[in-house]
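Heads up: the structure comes next, in structure tokens.
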Amino acid sequence: MTDPAGAGRRQAGSAAQPDLVDVNTDEVSIARVYDYCLDGKDNFAVDRAAAQAMIEAVPETPLLAKANRCFLRAAVRHLVGEAGIRQIVDIGSGLPTAGNVHEIAQEIASDVRVVYVDNDPIVLAHGRALLATDNRTTVIQGDLREADAIFDHPETRRLVDTTEPFAVLLGGILMHLEDEEDPEGVAAGIRERLPSGGYLLVSNTCDTGEPRARELAKAFAENGMGNRCFRSWEEQIRYFDGLELVEPGLVPNNRWRPGPDVPDPDNPAHALHIGGLGRKP
Ligand SMILES: C[S@@+](CC[C@H](N)C(=O)[O-])C[C@H]1O[C@@H](n2cnc3c(N)ncnc32)[C@H](O)[C@@H]1O
């Protein structure tokens, strides 16, 4: 998507499947800021300015985003390759990027079904174009805070049998909920939906107590990412209440079964983003 000077609200879509999606190029979008940190092209000046402010606070910000994708890929490989999961609901999926969840999963088992969910309409527009010919993968617009609507959606019902084990991915999304939006209650609501043998993945930025965690938290808050992006490990482990944590537990993304794709693997800044995977007994 191009970014001509003076662009305002615009329609997004694709030649493959045109969409009438209202994209506001004047307001920061979490999905587009993240896309910029992943070296993507689907972002606008307002998003790049927000990302640059975060990079100024902590230069390793893009590293954290990239390591989060590595964690996600490693966890999906575990879910499909080792745990036998064939249904995945990825909430807060973000814009399509290299190594999308359905690509990693279906490379291992072609019958895996994936439902992508995001509340940003730009994700819907790009996802539909990407998935125009794939009937095992879908993308819907939905909000994590309204989980009933996500799981009652006809597309989710078409692809996910909730009586059979399935995985819910919450990569980099609970961090964007404010305290009053009750992220712990939201995670508990998702856990309740899982049958025995189902999985919950969670990753978020983490308040390690270091000055740079505070600096980055401030930059996130000042640039439209939310005021409570940096919760402590102790706060975040509660998202897995009642689940069995898959080894190595809730750890910095670069330490979760790292592959050769992890950038700058020994950089101490990796501590600022953690992830884990839990199994419902
Ligand atoms: C930091 S990106 C993470 C993308 C991907 N899950 C990953 O881990 O690489 C967060 C995504 O969550 C989406 N998001 C934020 N709040 C949301 C909500 N309440 N419901 C659904 N999606 C949300 C944003 O639009 C964005 O695409």
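The values are calculated or read from the model by the stated rules, or taken from the named source; none is laboratory data. As the structure is a prediction and not an experimental result, all values here were calculated from the model. Virtual Cβ from ideal backbone geometry, glycine too; neighbours counted across all protein chains shown. All accessible areas refer to the heavy atoms of the entire protein, side chains included, with ligands and DNA or RNA removed. Shrake-Rupley method; radii C 1.70, N 1.55, O 1.52, S 1.80 Å.
Packing-wise, with mean Cβ within 10 Å as the measure, how do 215-221, 125-131, 65-71 rank, highest first?
65-71, 125-131, 215-221
Rolling a 1.4 angstrom probe over the protein heavy atoms, how many square angstrom per residue are accessible across the range 149-281?
43 Å²
Would you mind classifying the range 39-134 by shape? Square roots of the alpha carbon gyration tensor eigenvalues, ordered a ≥ b ≥ c; an a/c under 1.5 is rounded, otherwise it is prolate if a/b is larger than b/c and oblate if not.
Because a/c hits 1.5 or more and a/b fails to exceed b/c, the range 39-134 counts as oblate.
Quick one: Karplus J couplings for the range 230-242, per residue in order, coefficients 6.51, -1.76, 1.60, θ = phi - 60°, nearest Hz, x for Gly and Pro?
Rounded to whole hertz, the list is 9, 9, 6, 4, 4, 5, 7, 5, 5, 4, 9, 3, x.
Using a 1.4 Å probe over the heavy atoms of the protein chains, calculate the carbon and sulfur portion of the accessible area of the chain as a whole percent.
That fraction is 49 percent.
Springs between alpha-carbon atoms under 10 Å, Gaussian network over the chain: tell me which of P195, P268, P260 tops the mean-square fluctuations.
Of P195, P268, P260, the most mobile in the Gaussian network model is P260.
Packing-wise, with mean Cβ within 10 Å as the measure, how do 36-49, 177-190 rank, highest first? It would help to have the intermediate numbers written out before the result.
Numbers: 36-49: 18.4, 177-190: 15.6.
Top to bottom by mean Cβ count within 10 Å: 36-49, 177-190.
Could you pull out every residue, at least 5 positions away or on a different chain, whose amide H is within less than 5 Å of the one on L245? Hs are placed 1.01 Å off N in the peptide plane, and Pro or chain starts have none.
Those lying under 5 Å, H to H, from L245 are R279.
Using the Cα centre of the chain as origin and beta-carbon charges of +1 (Lys, Arg) and -1 (Asp, Glu), tell me which of V202, F151, G84 is placed farthest towards the positive end of the dipole.
Going by the charge dipole, the pick is G84.
Tally the DSSP beta bridges in the chain and give the antiparallel ones as a percent, rounded to 5.
Values: 15 of 34 bridges.
Given both bridge residues lie in the chain, the antiparallel proportion sits at roughly 45 percent.
Have a look at the DSSP beta bridges in the range 135-278 and tell me what percent are antiparallel, nearest 5.
Details: 9 of 15 bridges.
For the range 135-278, the DSSP antiparallel bridge percentage is about 60.
How do H176, H273 stack up against each other in accessible area, from largest to smallest, with a 1.4 angstrom probe?
H176, H273
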